[in-house]
Amino acid sequence: FTPMRKGIVLLLLIGLSQPSCSQNKPSGENQPSKTETKMTLVHIDTDAFNALYKKADVQLIDVRTPAEYAEGHLRGSLNIDVMNNQFLEKIDDLDPSKPVYVYCRSGQRSTNAGNQFIDAGFTEVYNLKGGILAWQSEGFPVVDDE
């Protein structure tokens, strides 16, 4: 062995002989409590979205631009543009304990928005897979005058 290799082998042996950080923690300390469990965004298809968003006490959010919203949206939806600088401020006005259903044009912006809802403390967030394009291709209605 060269002196350099001897030094590396020595460092590896010392590192392996040291207890890992996780061994120093009491059992269960790494487990999140029920209140710390992070919720996840649920992606659902058009049929499930259609059945669920019509329930009482849900919040239906279209996260597209106001211009896109004006071209056609789901009846009863609220337009909160995810690209707007005040998006987080605007969702503060919503109830985090009620289910949130989000959609956009194709599903990408609403995925982003849905994750922001979860980060903001919302507990039940659903994203329309494929967005309003999938919705319309399945023959579900949109309105443009609410």
key: Pairs, first within 9 Å of V63 (Cβ to Cβ) in segment 94-118, second open to solvent by less than 50 Å² (accessible area, probe 1.4 Å) and assigned to a helix (DSSP H, G or I), C-beta under 6 Å, six or more apart   = V102/S110; V102/A113; V102/G114; Y103/S110; Y103/G131; Y103/I132; C104/S110; C104/G131
inquiry  = Which residue is most open to solvent (accessible area, probe 1.4 Å), if the candidates are limited to segment 62-117 and must be of a type in the set (S, T, Y) and touching a Gly at 6+ places or on another chain (Cβ under 9 Å)?
reply    = S106
ask   = Which numbered condition trips up G131, out of (1) open to solvent by less than 30 Å² (accessible area, probe 1.4 Å); (2) under 17 Å from D57 (Cα atoms)?
value = (2)
request  = For Q59, state whether it is touching a strand residue (DSSP E or B) at 6+ places or on another chain (Cβ under 7 Å), of a type outside the set (D, E) and crowded, with 17+ Cβ neighbours inside 10 Å.
outcome  = yes
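The values are calculated or read from the model by the stated rules, or taken from the named source; none is laboratory data. Treat the numbers as computed from the prediction; the structure is a model and nothing was measured. Note that each Cβ is placed from the backbone with ideal geometry, even for glycine, and that neighbours are counted across all protein chains shown. The area values use the complete protein model at the heavy-atom level, side chains included, leaving out ligands, DNA and RNA. Shrake-Rupley method; radii C 1.70, N 1.55, O 1.52, S 1.80 Å.
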